[in-house]
Structures are given as structure tokens and as C-alpha cells.
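J.: My questions will all concern the structure given below.
The values are calculated or read from the model by the stated rules, or taken from the named source; none is laboratory data. This is a predicted model, so every value here is computed, not measured. Cβ coordinates were reconstructed from backbone atoms using ideal geometry, including for glycine residues, and neighbour counts include every protein chain displayed. SASA here: full protein model, heavy atoms, side chains in, ligands and nucleic acids out. Shrake-Rupley method; radii C 1.70, N 1.55, O 1.52, S 1.80 Å.
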Amino acid sequence: MMDYRRFGRTELQMSVLSCGTMRCLDSQDQMTSTIAHALKHGINHLETANGYGESEQFLGNTLKSLDRDRFILTTKICPTPDLKEFRSQLQQSFDRLQVDHLDCLALHGVNTFDHLDWIQNGCMEIVQDYVKAGKINHIGFSTHGSLELIQATIATDWFSFINLHYGIFFRRNEPAIVQATDRDMGIFIISPGDKGGLLYTPPDKLARDCAPLTPLAANYRFLLSDNRIHTLSVGPANPNEWIQPLDSIQALDEERQIFDRLDDVLETSLGNDRCSQCYLCLPCPEDINIPEVLRLRNLAITYDMDAFGKFRYGMFENAGHWFPGRKANHCTDCGDCLPRCPETLNIPDLLRDTHNRLTGKPRRRLWQS
Ligand code: SF4
Ligand code: SF4
């Protein structure tokens, strides 16, 4: 099952794999079957560029028969000093794609400071005209440029997403990831399989070093275990080339299913008594560590982690600053915490319940017992 992430402040819910169409250039059939395979597997972000030969035309012909809300569409246009040429390319992309609006338009290949100047000196104004006309929803940029250029481009605050190189074998752009995250930008990684190290055909040594993962899966997992990263570009030339990328996120999918199951059980076991661990109830005048007490209750009830609960609960008042706070039976029902709890929990009742469940022999820290 495909996973989806919020693409920064665009608020788009984007699949973690994106379908780049720069290699579907041989025929209309090739494009249509590759896109159909992507959509069937839950990939909802389709990406092209004005400069990718017939890609936009083929993609547009494919999209004609699809509901517009089934996909998020991005195309990219290179900035040019000639604004007439830029405007004409932008219009050409719309004509080829045959859509009334683009979800995302990226200024393509902001690779030099000249490119940034051209954007500032007119290209952005043209793009903004399209935004005002409701034809472009979000503006971003793609780059193969230096970190300094990327940081300067992000700092303009003109862009709500970025398409850049980053991965396990290329970490130079990490400060740009930090900067883009601070601005709540969507973060889209350029081709981690191919441009990230030719990982579809790795050398034996690299394959051994990545075992039990494949090098491709290792790079995908490196990237997707980082919540700052939202989506990775895959550029299959045909449906068969989806196999490796989709297999590579299979383990991630299994992990996510486990985490979802743990969350679901927590929700259903505790119902309206679930402490969400927001910590807003503190401070308690009796110095009860309410969230930690209720976390132990959550775990004991949900997952039968009574032994763990008793072990940790027994440390209150016995482990000093290593495990601060007093036991739940010191609650005086003063009610101070109640209005601060967004879950409207009956905190004193839950504290008493926890104390009854988890009281046992007092415990000190390991080397004190
Ligand atoms: S009601 Fe109990 S837990 Fe809440 S603030 Fe008062 S003493 Fe602390
Ligand atoms: S305010 Fe309520 S939900 Fe939040 S930590 Fe305290 S008891 Fe739990």
C-alpha cells in the first residue's frame, strides 16, 4: 500500500514515490501503460518538464481520460532571459498537457546565479500571472546547483517546494533540507535510484555492504525514514521498471502497517480514557508526573505491559532526578489540571486507577537496588 505525505505548505497529500516521465519518450503506449501502472499502485504525483522531448504531449494524451482529482501534476520550465520565450514555453506546456491547471510548476534547473536573476527579472512575474488566473497552484524549483545557490533561492521565499539531489551517498544538501523544512516547503528528491548512484545496477561490493537490503532500498529507506522528505522521483521507462522501486518500499509499508496497528490498538483499547501525552496538564501542585503515570496506564491496558508499568511506576519517589515526580496517590483532587486537558480526561480517577494497577515494590535505579 502506498504511503502519502503532506507536501509542505502546498497541503497536497503526495505519494512517497513520484512518477517522473522523462524516459517515457518512445511511444504513447509506453507512457500510458507506465502511468496506468503507477496509478494502480497508488502513485498520485506525475511529473514532467517542458524540456523532456515528447513527454508532456504523451502525458497530456494519457491524462485526458483520467479524472483530474486522481493525480497531482507537475511540470517544469527552465528560466530564460528572454521573457517572450519563457511565456511561450509555459503556454506550450499547458497546450501539450491539455489541462486547465497545474498543481505545481517548478522553475527547472536553477543551476546558476544567472538563472536566479532571470527568475527575479521577469520569469516569476509571468508565473504569478498564471497563478492569479488560477492556472498554477504552487510554485517551486528544481536544482542541480551549488548548496550556496540553493540556499539563496530558498531564501527568496518565492517557492513552496523544492526538487533537489540528496541521499545516502550525497549529503551535501542537508542544510538546504533544514532550511526548506523551516519554511514548510514540500521536499521532492531527484532520482535517488539513478542519479543517486545507479542503484538499479549496483556493484557487488555495494550490494554486499547494503545487505540484507538492496542498495536501492537502502537509499529509499534512508530518505523516507526522514519525515522532512516527502517524495522521491522514479523515472521508469515502462511498467516493468516499477518493480524494483515498489519492492524497495515494501518493507517500509510493512513497518508502517505495524505502527498503524499499534496506534489503532491504543485508540480502541483506551477509548475516551486515552492520554495523548500532550503534557498540557502540568504542573501539578503535588508534583505528580501526570503524563508519565498515564503513559504507563496506556501501555498496561493496551498492550498488557503491566510488568513494565510496575517497574517504572515503582521508580517514582525512589530515583530522584533520574525519574522525577511523585506517585499518583498524592492527588488531592484540587482540579487544577482538569481544564488544561484537551482530552477532557478525569485525571484524578485515572491516576487512582493507575496507582491501583501498578503499585508494587518500590524500585531504585539499577545500580541502587
Ligand atoms: S487534580 Fe490531582 S493531578 Fe490534578 S493538579 Fe490536582 S493534585 Fe495534581
Ligand atoms: S493534558 Fe490530558 S492528554 Fe495531555 S498529557 Fe495531561 S492527561 Fe494526558
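J.: Which residues, taken from the range 94-152, are β-branched (Val, Ile, Thr) and closer than 17 Å to PRO81 by Cα?
T.: Once the filter is applied, which keeps residues that are β-branched (Val, Ile, Thr) and closer than 17 Å to PRO81 by Cα, the range 94-152 yields VAL110, THR112, ILE119, ILE126, VAL127.
J.: Within the group LEU73, LEU59, which residue is in a helix (DSSP H, G or I), hydrophobic (A, V, I, L, M, F, W, C) and under 29 Å from the mean Cα position of the chain (by Cα)?
T.: LEU59 is the lone residue from the list that is in a helix (DSSP H, G or I), hydrophobic (A, V, I, L, M, F, W, C) and under 29 Å from the mean Cα position of the chain (by Cα).
J.: State whether the residues of the range 13-36 include one that is modelled with pLDDT of 95 or more and open to solvent by 60 Å² or more (accessible area, probe 1.4 Å).
T.: Looking through the range 13-36, at least one residue is modelled with pLDDT of 95 or more and open to solvent by 60 Å² or more (accessible area, probe 1.4 Å).
J.: Another one. Applying the selection to the range 131-165, what residues are assigned to a strand (DSSP E or B) and of a type outside the set (Gly, Ala, Ser)?
T.: ILE136, ASN137, HIS138, ILE139, PHE141, PHE161, ILE162, ASN163, LEU164
J.: Going by what's in this entry, would THR143 be described as within 20 Å of THR74 (Cβ to Cβ), open to solvent by 40 Å² or more (accessible area, probe 1.4 Å) and hydroxyl-bearing (Ser, Thr, Tyr)?
T.: no
J.: Taking PRO339 and the conditions (1) open to solvent by 40 Å² or more (accessible area, probe 1.4 Å); (2) in the same structural domain as THR359 (by TED's automatic domain parsing); (3) more than 16 Å from ligand 1 (Cβ to nearest atom), which numbered condition does it fall short on, given that it satisfies the others?
T.: Every listed condition holds for PRO339 apart from (3).
J.: Taking the range 268-322, which residues are in contact (Cβ under 8 Å) with a residue 60 or more places away in the chain, open to solvent by less than 70 Å² (accessible area, probe 1.4 Å) and part of a loop (DSSP other than H, G, I, E, B)?
T.: The answer is ARG274, CYS275, SER276, CYS278, CYS281.
J.: Something else: Looking only at the range 246-290, which residues are within 11 Å of ligand 2 (Cβ to nearest atom), under 30 Å from LEU224 (Cα atoms) and not charged (D, E, K, R)?
T.: Scanning the range 246-290 gives CYS275, SER276, GLN277, CYS278, TYR279.
J.: Right, another one. Kindly list, by first and then second residue, each pair from a residue in the range 323-346 that is under 18 Å from LEU270 (Cβ atoms) and within 12 Å of ligand 2 (Cβ to nearest atom) to a residue that is of a type outside the set (A, V, I, L, M, F, W, C) and assigned to a helix (DSSP H, G or I), limited to pairs with Cβ atoms under 6 Å and residues at least 6 apart or on different chains.
T.: ALA328/THR354; ALA328/HIS355
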